[in-house]
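> Sharing a structure with you now.
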Amino acid sequence: ADYGGWGYRHHRGTAAMLVSSGPAVVVSKTDGQRVAVSGGSQASAARLAEVLTRVAARARRGGSPPTAGRRPES
């Protein structure tokens, strides 16, 4: 989604606090609410969407997030 310049937005049930203009990633939360996150550029927004999708999939499987300084288990 592209929400324009920086600032607080509320559009069609999605809350957004954007720190830059340009693309944003819209996250659907488990409680049904949505929040938009600034992406900066098209490439970084796409990367952010990929990372958030992986984290959400891991959470649905019951996995835990990686701990800082720990190496991932094989």
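A short reminder: the numbers here are calculations on the coordinates, not readings from a lab. Every value quoted in this text rests on a predicted model; they were computed, and no experiment measured them. Cβ placement follows ideal geometry from the backbone for every residue including glycine, while neighbour counts extend to all protein chains displayed.
> Between SER28 and GLN42, what is the label-point separation in nm under the 7 Å Cα-to-beta-carbon projection?
Computed distance between label sites GLN42 and SER28 equals 2.5 nm.
> Sort the following peptides by mean Cβ neighbour count (other Cβ atoms within 10 Å, averaged over residues), highest first: 49-57, 23-31.
The most tightly packed comes first, giving 23-31, 49-57.
> On to the next question. What's the local net charge at ARG54, with K and R +1, D and E -1, over the other residues with C-beta under 12 Å away?
Numbers: positive: ARG47, ARG58, ARG60, ARG61; negative: GLU50.
In short, +3.
> What is the extension gain from VAL19 to ARG60, computed as 0.36 nm multiplied by their sequence separation minus the C-alpha to C-alpha distance, in nm to one decimal?
Residue separation times 0.36 nm, minus the Cα-Cα distance, leaves 11.8 nm.
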